[in-house]
Structures are given as C-alpha cells and as structure tokens.
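The values are calculated or read from the model by the stated rules, or taken from the named source; none is laboratory data. Note that the structure is a prediction, hence the values are computed from the model and not measured. Cβ coordinates were reconstructed from backbone atoms using ideal geometry, including for glycine residues, and neighbour counts include every protein chain displayed.
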There are 2 protein chains.
Amino acid sequence: MPLTDDVTVRRRESRQAAASALRREQILDAAVEAFSDKGFNGTSIRDVAARAHLSHTGVLHHFPDKTALLEAVLDRAVHRAGDEFELDAGDGATFMRGFVALAARDASRGVDAPETRMFRMISAEALSPTHPAHGYMRRWYSEVRGHATAALKDLADRGLLRIPREDIPLAAGQIAGLRDGLDPQWLLDPDSVDLVAAVRDQLRRYADIGL
Amino acid sequence: MPLTDDVTVRRRESRQAAASALRREQILDAAVEAFSDKGFNGTSIRDVAARAHLSHTGVLHHFPDKTALLEAVLDRAVHRAGDEFELDAGDGATFMRGFVALAARDASRGVDAPETRMFRMISAEALSPTHPAHGYMRRWYSEVRGHATAALKDLADRGLLRIPREDIPLAAGQIAGLRDGLDPQWLLDPDSVDLVAAVRDQLRRYADIGL
DNA sequence: GTCTATAGCGAGATAGAC
DNA sequence: GTCTATCTCGCTATAGAC
C-alpha cells in the first residue's frame, strides 16, 4: 500500500488549486485598486503585492509579468460586466436598459469603488500605441459601437427611433462615449453630475421607449 | 569709462532673457509630446530633455521639478485655447460655435497632434487625488460646466433652448463631457467617429441656432 | 507557494565645474 | 545656461532556499 493513494493526492491537488485560484483573485483585487489609483504605468508590482499582503515575487509566481497581470484584470472586469448586463443581445430596448443599469450600478457603488476609476485610467493610458492594452481598448470601443449600432437599428425597425436612420453611426459613437464623458466629472465631484439621470436623459433622445 | 556700460548690460540681459524664454518653449513642446505618449507618471525628465536636445539637468534649470513642468504645460495649453475661442463670453450662440470650432481645430490637426492626446492622458491620471494636476482638473471641469450653464441660460432667455430649463445642469455636464467621450474613440480610430459632426449634432439638440 | 537576495537598470534631484 | 558626476531610491525580473 502506497503512502499516499491516488484519491488523497487528487484531493490535495484540488485543495491547492482552489487556494491558488483564491490567491489569484486577491491579487487581481489588489491590482484593480492599485491601477485605479496610479494607472498601469504608475503602479509597481510591489505596490500590488503590498495590497495583497505578499512579496512582489509572490505576485510574479501567479502572473509572469506586469502585462499579464493587466490582461487578467481587464479580462475579469469585461467578463463580469458581460455576465451581468446583456448589452450584446441585439434587442434595442434591452441594450438601452442595460446601459442605464450599468450606470446605476456604478453610481450606487460610489466614487471610491476602484473599478470605474481603473477603467478610466487604463483606457486613457491605452491611447498610446505602445501601451500593452492599446489593442484591447481599440477592440473594446469598436465592440461597444457595434452593439449600440445593432440596438439602434433594431429600434429603427420597430419604429421607435427618434433620430434619422442615417445618423445611427453618429449616435453609436456618442453612446459609446457617454460614460467616458460623464465618469470623470462624477469621479472628481460626485455632486456635480447625476450620472444615471444624465445617461438616461441622453438615451431617451435616441429612442422612444419608457426609460 | 567702465568696461561694460549700462546699455550694453541691458541689451545682453534682454537677449539672454529672450533666448531663455525660447528654450522654455522648446522644453514645453517636448513635454507635451512626452506627456501625450506616456502621461505624466510614465514620462521621465530625461525623456523630455532628450526630445528638447539637452540634458535632464538642463530641464531642471528652467523648471525646478517635474510638477512645475506639468503646471507650466497645462497653463500654456489653457491660456492658448482661451485666447483662441471665446467660450466664457456668456453668449450662448458664441459658446456653441466656439465649442464646435474647437473640435474642428483638433480634427484638422489630426490624431498625431500631441495636444489632444496629452489632455486626455493628464485628465485621466488626475482623477487620482494624489496626482499633482488633481485640483487643476477639478477646477477646469467645474469651469467648463459653468460656461455651458451660462450659455444655456442665455439661450433660454432668448427662447432658443430646446430642452426644459430645469434640465440645464444635466445638459451642462453632458456638454462638458462631450469631448472626453468622443476624443478617445477618435484618437484610437479616426475613421470610426466624425468628431465635428458628432459634436455639432449633439449641440444642435440643445439649441435652436443654425450650427 | 512564498520567501530572501541580488542583478541590472532608470528614475528624480543636487553639487559643482566651465 | 549647460554640462558631468554622483547620491539615493525604487523598479522589473531572476535565482535559489525552504
């Protein structure tokens, strides 16, 4: 009889894998916090490590380098939002309501929640072609415009669009930039802008649905 | 008779002062370029120095530290824009036309002009309360909202406002964020968004003036 | 899986020569 | 006004012990 049978080994391995996954999540949480404060350029691996209560080499054990950490952070954020709000259904009313719900979620979290700030920081830094998230952000904006375009076309087909059909590309860009425009003001001075009201008001101008 | 009389001294001093002012401008140009590429956090004084063709201590001779350099860059940019476009006249139509003209200037400069990118970078970084431009940006957004509010009220008084008067604060925030929303998309992919058309289209929805 | 130690580099800023 | 030299610090990343 062996000292450790197969079942025991497998149990231990899965327990370790779970612990490792948890650690990864903790590191990602810490990274979001750090990125939200100083951006990607301004954040050091050591800073992330300190927030996650381990050494910087501990972080590098889970993520090979700083760029991999950034990619994991962005992937997690986008997948979470995609799961929570159906912005890609193609249904116009669902898109509009999802967009408002997204703003409402952020507003209820408050200005100190790191996710919103992080996204603002990274998306600005990523304008530089040399930034590791440059391609990511290009794709992301294009995707959002695509979803908005599909939603507006769907509304046009149902006779609910308040703007000329040929203005749909223009409107898609405006919608894709709505959060970018309002978030900075809201983050700097929450009382200066009613995030949800401003988003809803703008979307109402495009579509004749009870928002 | 002295070796150097007063007039000679004064001439030399003013020549040196002019040369020094020119050098400062060159350094500021280099700084705008560098900040537009890597932001404030990601830019080193040595990088700015290399672009201006002098050593990093040469830069520090003209600006005591990195923060002073940032402040000088922002001051120059804001004063230049203020001189060129009358957004603070209080006259609604002038504000609206100036806002479109500003977008048109940026569009005509193209995506490779550093000014627009720089402003996007810095304004995002400055969301962090510890960023040296944090207070600056807070004031700036507040100022833009103030100008927009005054403009919209003026239009309301003239019977040219297309939205309810009580929605003016909402609209002021939307207008102040208009460029923030559109610039990133335009910078990442110039063909994806018609900057001027999108700005004009949005402003037309607020005011019944021939834009 | 996490650590200490260290390599190797680049940063901001100062001192002092010319 | 610009330079070289230097101080001091913090960074990314690797090697190797436990």
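A single member of A:Asp47, A:Asp6 is away from DNA strand C (no atom under 12 Å from the Cβ) and at pLDDT below 95, and it is A:Asp6. The set of residues in segment B:108-137 being facing another protein chain (nearest Cβ under 9 Å) and either surrounded by fewer than 18 Cβ atoms within 10 Å (Cβ to Cβ) or not in a helix (DSSP H, G or I) (or both) consists of B:Ala126, B:Leu127, B:Ser128, B:Pro129, B:Thr130, B:His131, B:His134. Any residue in segment B:65-77 that is modelled with pLDDT of 95 or more, touching a Lys or Arg at 6+ places or on another chain (Cβ under 9 Å) and outside the structural domain of B:Val199 (by TED's automatic domain parsing)? Yes, segment B:65-77 contains at least one residue that is modelled with pLDDT of 95 or more, touching a Lys or Arg at 6+ places or on another chain (Cβ under 9 Å) and outside the structural domain of B:Val199 (by TED's automatic domain parsing). Against the criterion of being more than 16 Å from DNA strand C (Cβ to nearest atom), closer than 29 Å to A:Ala126 by Cβ and assigned by TED's automatic domain parsing to the domain that holds B:Ala171, B:Arg80 does not qualify. Here B:Arg162, B:Arg120, B:Arg205, B:Arg200 are screened, and the one residue that is touching a strand residue (DSSP E or B) at 6+ places or on another chain (Cβ under 9 Å) and modelled with pLDDT of 95 or more is B:Arg162.
Applying the criterion of being surrounded by fewer than 22 Cβ atoms within 10 Å (Cβ to Cβ) and assigned to a loop (DSSP other than H, G, I, E, B) to the residues of segment B:168-209, the residue that is farthest from the other protein chains (Cβ to nearest Cβ) is B:Ile209. In this structure, A:Asp88 does satisfy being away from DNA strand D (no atom under 16 Å from the Cβ), of a type in the set (Asp, Glu), away from chain B (no Cβ under 14 Å) and buried (at least 16 other Cβ atoms within 10 Å of the Cβ).
Flag: B:Ser36 does not match the condition of being within 15 Å of DNA strand D (Cβ to nearest atom), out of contact with any His (no Cβ under 8 Å at 6 or more places or on another chain) and of a type in the set (Ser, Thr, Tyr). Among the residues in segment A:147-167, are any within 10 Å of chain B (Cβ to nearest Cβ), crowded, with 19+ Cβ neighbours inside 10 Å and in a helix (DSSP H, G or I)? The answer is no; no qualifying residue exists.
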